[in-house]
């Protein structure tokens, strides 16, 4: 990481506690949803072939993604806010690349989400869930969730922020993150999905492959093949998203 | 007191010699995607160590010109070099050598004044200790010593302009761009900024390019002035040459054929 990226990451990290509302409201709904969904759909675990008798255990990976995927959009909101306040222009008169400015934001928000998703896992443990792969597996799951959030919704909303320069426009796409997570086996197993079309959509959704690896870590332990697939998906999305963002920046500001 | 602060600030300043012309602008133009021709082929040179003023009515192209020289706006024709580097080909090299205080101030409202100036110093490669030392001196210099640890969201517009100026000076750049630097400041604040700029220019040989609506400001600070109107330079010279027997304000009105819009 360049020193400029670190200085800009540090700037955002220092400022998080100064906006406690954002800090609180970016994780509180997920914690509530985790508890409510866990109670509402608890009956699913009675169905034949369900892999665990603790539904919170099954739900925990989805809750991590519910934290990291929509939560990373705050980085783009911050970018658009810097644009509106014209502070971004000020930064661009300094010997700093736009890549460092965006990376600084994404890394700081990534660190925040890693900790917030960690809080979600702690709640899962408090509700009787067990993580088969232990602390190392839990940390790997948090890393996967955070990286996936950055390369999907982080990249999408950063591009939107570059184009629209408007925090409200960035916030308007938040619900799409939930669609990305709902169209997976986050809440029930593939066998329980009623329609073949839906199963095909789930199979085409990259979120599913990251979720599967995270679920393996929760329910069975380290399955390096599914973990490898998940990291390939994350790397592939990053390889598409990062150059796309650079191109988008040049088309807007070049 | 101000002289003591400036002296302390200059202790660690580099006194390198750059090119004779700190800024060379040749047929520089900017046409925005909506078709607006903000700048239509302007040319001028600024000698190293000079204070150069750009005067003109609102919409004349002053801020676009500053934006192009500060690497914020990409020219559509012509070329410009700042401190010996082309603004289009070597933007990062230019940014290392300039300070830019903007017309519409962009500050980070969640940061304190001190944090902002230190961050900008660090991004310019200063050590943590040196950035903190200069930030403290500069914030004192612009009259914000007492407000240094307050968040900038609580600052008035005038305070934000002053912290912006302090952040533009933290690395003691060889070339300083000031887009209407004293707009919105009270007479006391304006005089303080003028004295600081005069000292920095004198002691460091800092080249300063400023836009202003204040004739008094241009007359007092500038070695040379260009009057720009509708994207073209209509006249250029020293304040004495432009004034002739009359005042600078008369010269401005003669050159632009307009009523002064915001002159003090």
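What follows draws every value from the coordinates through simple rules; no lab data is involved. This is a predicted model, so every value here is computed, not measured. All Cβ positions, glycine included, derive from the backbone under ideal geometry; neighbour counts span all protein chains shown.
Per-structure values
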read-out: Estimated distance in nm for a label pair at residue A:224 and residue B:8, the labels positioned 7 Å out from Cα along Cα-to-Cβ; value: 6.1
read-out: In degrees, nearest ten, helix A:3-15 long axis to first principal axis of chain A (Cα); value: 70
read-out: Packing-based ranking, highest mean first, of A:141-149, B:177-185 given that Cβ atoms within 10 Å are counted; value: A:141-149, B:177-185
read-out: Between 0 and 90°, nearest 10: helix A:206-219 axis offset from chain A longest Cα axis; value: 50
read-out: Estimated FRET transfer efficiency (residue B:240, residue B:109; beta-carbon r; R0 56 Å; 0.05); value: 0.80
read-out: Paramagnetic reach from residue A:14 (point 7 Å along Cα→Cβ, amide N under 19 Å) across region A:87-110; value: A:87-97, A:100-110
read-out: Förster radius 45 Å - calculated FRET efficiency between residue A:23 and residue B:198 (Cβ-Cβ, nearest 0.05); value: 0.45
read-out: Amide N of region A:1-20 lying under 14 Å from the label point, which is placed 7 angstrom from the Cα of residue B:92 along Cα→Cβ; value: A:1-6
read-out: Projected-area average for region B:158-264 over all orientations - Cα convex hull basis, square nanometres; value: 7.1
read-out: Expected-Rg normalisation [2.2 N^0.38 Å, Cα atoms] applied to region A:130-254; value: 1.19
read-out: Rounded to 10°, Cα long-axis angle of helix A:28-40 versus longest principal axis of chain A; value: 20
read-out: Cα-based shape type of chain B, given that a ≥ b ≥ c are square roots of the gyration tensor eigenvalues and the cut on a/c is 1.5; value: prolate
read-out: Shielding by partners, peptide B:197-204 (average Cβ within 10 angstrom, other chains); value: 0
read-out: The protein assembly as shown - convex hull of the alpha-carbon atoms, volume per residue in Å³; value: 158
read-out: DSSP-defined antiparallel bridges as percent of all bridges, the protein assembly as shown, nearest 5; value: 55
read-out: Mean Cα-pair separation over length for region B:34-135, i.e. relative contact order, pairs under 8 Å, 6 or more apart, %; value: 15
read-out: C-alpha center-to-center spacing [region B:31-76, region B:153-200] in angstrom; value: 20
read-out: Percent RCO, i.e. relative contact order, over chain B, from Cα pairs under 8 Å lying at least 6 residues apart; value: 25
read-out: In Å, descending, principal axis extents of the Cα set of chain A; value: 62, 37, 32
read-out: Residue-averaged beta-carbon neighbours from other chains (10 angstrom radius) around B:94-104; value: 3
read-out: Spin-label pair residue A:179/residue B:79, simplified geometry with 7 Å Cα→Cβ offset, distance in nm; value: 4.9
read-out: For residues of A:41-47, the mean tally of beta carbons on other chains within 10 Å; value: 0
read-out: Paramagnetic label zone (point 7 Å from Cα along Cα-to-C-beta, residue A:250; backbone N under 19 Å) in region B:66-106; value: B:71-77, B:87-93
read-out: Theoretical FRET efficiency, 1/(1+(r/R0)^6), r = Cβ-Cβ of residue B:26 and residue B:154, R0 45 Å, to 0.05; value: 0.50
read-out: Packing rank of A:242-250, A:52-60, B:159-167, B:104-112, where each peptide gets the mean count of other beta carbons within 10 Å, highest leading; value: B:159-167, A:52-60, B:104-112, A:242-250
read-out: Separation of the residue A:122 and residue B:232 label points, Cα + 7 Å toward Cβ, nm; value: 6.9
